[in-house]
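**Student:** Please find one structure pasted underneath; my questions will follow.
What follows is calculated from the coordinates using simple rules that are stated; it is not laboratory data. This is a predicted model, so every value here is computed, not measured. Note: ideal-geometry Cβ built from the backbone for every residue, glycine included; neighbour counts use all protein chains shown.
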Amino acid sequence: MLTAVLASLAAGVCFAFAGVLQQRAASTRPADEFLTPRLLLDLARQPLWLSGISLAVLAYGWQALALARAPLSLVQPLIVSELVFAIPLSALLHRMPLRRREWLGTLAVSGGLAAALVAARPRGGTPVASPGEWLVTLTAAGGAACAALLAARRFRGTVKASLIALAGGTVMGTQSVLLDSTVDRFGDGPAVLFGAWQTYLLVAASIGGLLLIQSAFQAGPLSASMPVLDAAEPAVAIMIGVALFGETIRTGWPAGAVAAAGVLLLLAGIVLLDTSPLLRALHRGDAAGGPGS
């Protein structure tokens, strides 16, 4: 159990550094690259962004080690500690110390998300569903992501970044479910694995989710995107798992009440961070630095 805890925290730290480096690189890209494949192609030429991607891969390795020693209900809440590291680290790199508002927002998001995950404690089901169930689920997830993107067109700055992150988190949550279904086919041989449409949709969702996340990083400060990503991805994955694979979550008293309180605390933290003048100024400084910063 100690190994799982340490590995989860290591994953959180690596995810934090990865997010900071990726956001700093993405924020310097010109506006005409927004939500285009060119954004990813140009970022792939930047050592800073590639370092962030490398740290993300390392973080997934730590996460895999933690999951091999402990259940998801323990590992996931510890990994969201990345928020406690990422936002202060981003401010430190800009030599802009956080004030009470930013600390409260950061702690509210990470604490609320961890409380909601611990209280719900999702339990695994069977990653098998009918084509009709897949169609309904994927249509709903795609519709939610598109709605978030359409809403993002009406805003700028932190709200825009949060809405794009919501779309990215929705896609990545769906990607997690597709990954679960694909991994379940590993034992059936290459013909079954590469003959399943889920395998190819997994690749498409991974690329689309990456583009959305980098576009969210480009649109606003890390504090506007990372909390929403961290909240949306597990929430979508859990909801789809319950609807599609028969997974279960704890409801009723007191688990339901604690989960609801955690969600409210999470939303309050996101509002505090999205409306922070300090963090908006931090992002303007990044964007003004240009590609060479």
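**Student:** Tell me, in nm to one decimal, what length is gained between L93 and A31 on full extension, where the rule is 0.36 nm per residue of separation less the Cα-Cα distance?
**Tutor:** The span from L93 to A31 would gain 20.0 nm if fully extended.
**Student:** Grab the DSSP H runs of the chain that are 4 residues or longer, score each as -39,500 (n - 2.57), total them, divide by all residues and round the 222 nm result to the nearest 500 deg cm²/dmol.
**Tutor:** -26500 deg cm²/dmol
**Student:** Something else now. If I build a Gaussian network model for the chain, linking alpha-carbon pairs within less than 10 angstrom, which residue out of I238, I249, I270 has the largest mean-square fluctuation?
**Tutor:** Largest GNM mean-square fluctuation: I249.
**Student:** While we're on this one: Considering the chain as a Gaussian network with a 10 Å cut-off on Cα pairs, which listed residue, G209, G52, G61, attains the greatest mean-square fluctuation?
**Tutor:** Comparing G209, G52, G61 in a Gaussian network model of the chain, the most mobile one is G61.
**Student:** Could I ask something else about it? Would you please classify the overall shape of the stretch 69-166 from the alpha carbon gyration tensor, given that a ≥ b ≥ c denote the square roots of the eigenvalues, rounded means a/c under 1.5, and beyond that prolate means a/b larger than b/c while oblate covers the rest?
**Tutor:** Note, shape of the stretch 69-166 comes out oblate.
**Student:** Going by alpha carbons, how many degrees (0 to 90, nearest 10) lie between the helix axis of 100-120 and the longest principal axis of the chain?
**Tutor:** 0
**Student:** Just one of (1) 20.1; (2) 17.4; (3) 15.3 is mean projected area of the Cα convex hull in nm² as worked out from the coordinates here. Which one is it?
**Tutor:** The listed entry that was calculated here is (3).
**Student:** Let me ask something additional. Pop a pseudo-label 7 angstrom from the Cα along the beta-carbon direction at both L150 and T199 and give the gap in nm to one decimal.
**Tutor:** Each label point lies 7 Å from its Cα, and together they span 3.5 nm.
**Student:** Then there's this: Taking a ≥ b ≥ c as the square roots of the Cα gyration tensor eigenvalues, with a/c under 1.5 meaning rounded and otherwise prolate when a/b beats b/c, else oblate, which class fits the stretch 113-173?
**Tutor:** Since a/c reaches 1.5 but b/c is at least a/b, the shape of the stretch 113-173 is classed as oblate.
**Student:** Within 10 Å of each candidate Cβ there may be at most 13 other Cβ atoms; applying that plus a DSSP loop requirement, which trypsin sites (Lys or Arg not before Pro) in the stretch 147-188 survive?
**Tutor:** Hits after loop and neighbour filter: R153, R154, R156.
**Student:** State the Cα centre-to-centre distance between the stretch 158-204 and the stretch 36-107 in whole Å.
**Tutor:** The stretch 158-204 and the stretch 36-107 have Cα centres separated by 20 Å.
**Student:** Please determine, in degrees from 0 to 90 and to the nearest 10, the orientation of helix 2-26 with respect to the longest principal axis defined by the Cα atoms of the chain, where the helix direction is its Cα long axis.
**Tutor:** Here the helix axis deviates by roughly 50 degrees.
**Student:** Please find, in a Gaussian network model of the chain (springs between Cα atoms separated by less than 10 Å), the residue of V57, V159, V13 whose mean-square fluctuation is greatest.
**Tutor:** Comparing V57, V159, V13 in the GNM, the peak value goes to V57.
**Student:** With axes computed from alpha carbons, what is the tilt in degrees of helix 131-152 against the longest principal axis of the chain, rounded to the nearest 10 within 0 to 90?
**Tutor:** 10
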